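A.B. asks: Below you will find the structure I want to go over with you.
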């Protein structure tokens, strides 16, 4: 049980929740930005002393009933609730993060020759991709393995994410950190995730600010705009598909509206890729 991380997560979720959102009277001026500790304890049906000990990282191992009550009281999302349980208890032991990609998944992305597709693990390492994905993101085939981590691109080597506009970079940075925090809680014994977080905290104030917010959100569908030097802007829908029986892997697909300028630009990029 990670008491320090659990305590920090509870404090961050309490601070963001207003009395009105929780169905409580405002009660005038407040010294805290969100709920008071006694209000969370009241909503969760537990003693204030027990909840204070949890927030001070000195409480006992909370039961599933207590965790469920806290998730309801703090109005946690599905991803945040799962993260809370990962921080507090692992009755079956933590899952193991692997780097192998199933053969069927490799065949899938190779078959999608008109759709940029790649395989990403929970550490944000790119493990496999098709040619059009390499052309869209930036010549992935020639990069060394240690230069294939998307988190490092965003926070250490922003020139590697130059295909995204400034606004896109901001949204993608926030969602990636929220997803990485989910991974850190889900795979607490993975040394590479812990090392990546420590590295980013040490070199990127931007990452450190986002990490301190304790936002947890598994990466799902979102829209992006790529600014490609050869074919111009491409608006895509980023589809994220979990690999069956492998929660540590996801296939990322970039699709476009049929017949749209972005669709034509993507086709042109594919032709350039095939002719080169």
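The values are calculated or read from the model by the stated rules, or taken from the named source; none is laboratory data. Since the structure is predicted, the reported quantities are computational estimates derived from the model, not experimental observations. Heads up, the Cβs are rebuilt from the backbone with ideal geometry, glycines too, and the neighbour counts pull from every protein chain shown.
A.B. asks: For the range 136-148, state whether one or more residues are under 27 Å from residue 78 (Cβ atoms) and modelled with pLDDT under 90.
C.D. replies: No, the range 136-148 contains no residue that is under 27 Å from residue 78 (Cβ atoms) and modelled with pLDDT under 90.
A.B. asks: Looking at the range 222-244 only, could you name the residues that are in contact (Cβ under 8 Å) with a residue 24 or more places away in the chain and in a loop (DSSP other than H, G, I, E, B)?
C.D. replies: Result: 230, 231.
A.B. asks: Quick one: which helices (runs of 4 or more DSSP H) lie wholly within the range 2-118 and hold at least 2 residues that are without any contact (Cβ under 8 Å) to a residue 24 or more places away in the chain, under 26 Å from the mean Cα position of the chain (by Cα) and crowded, with 16+ Cβ neighbours inside 10 Å?
C.D. replies: Passing ranges, in order: 64-73, 78-88.
A.B. asks: Right, another one. Regarding the range 218-225, can at least one residue be identified that is closer than 18 Å to residue 149 by Cα and outside the structural domain of residue 84 (by TED's automatic domain parsing)?
C.D. replies: Yes, the conditions are met somewhere in the range 218-225.
A.B. asks: For residues in the range 181-205 being in a loop (DSSP other than H, G, I, E, B) and at pLDDT below 90, which is surrounded by the most Cβ atoms within 10 Å (Cβ to Cβ)?
C.D. replies: Checking each candidate, the answer is 187.
A.B. asks: Look at residue 128 and say whether it is modelled with pLDDT under 90, assigned by TED's automatic domain parsing to the domain that holds residue 266 and outside any loop (DSSP other than H, G, I, E, B).
C.D. replies: no
A.B. asks: When the residues of the range 126-136 are narrowed to those that are surrounded by 19 or more Cβ atoms within 10 Å (Cβ to Cβ) and free of Cβ contacts under 8 Å to residues at least 60 places away in the same chain, which ends up nearest to the chain's Cα centre (by Cα)?
C.D. replies: 126
A.B. asks: Regarding residue 219, is this residue closer than 16 Å to residue 125 by Cβ and part of a loop (DSSP other than H, G, I, E, B)?
C.D. replies: yes
A.B. asks: Check off (1) farther than 16 Å from residue 223 by Cβ; (2) assigned to a helix (DSSP H, G or I); (3) touching a helix residue (DSSP H, G or I) at 6+ places or on another chain (Cβ under 8 Å) for residue 247 and give me the number that stays unchecked.
C.D. replies: Here residue 247 meets the rest and fails (2).
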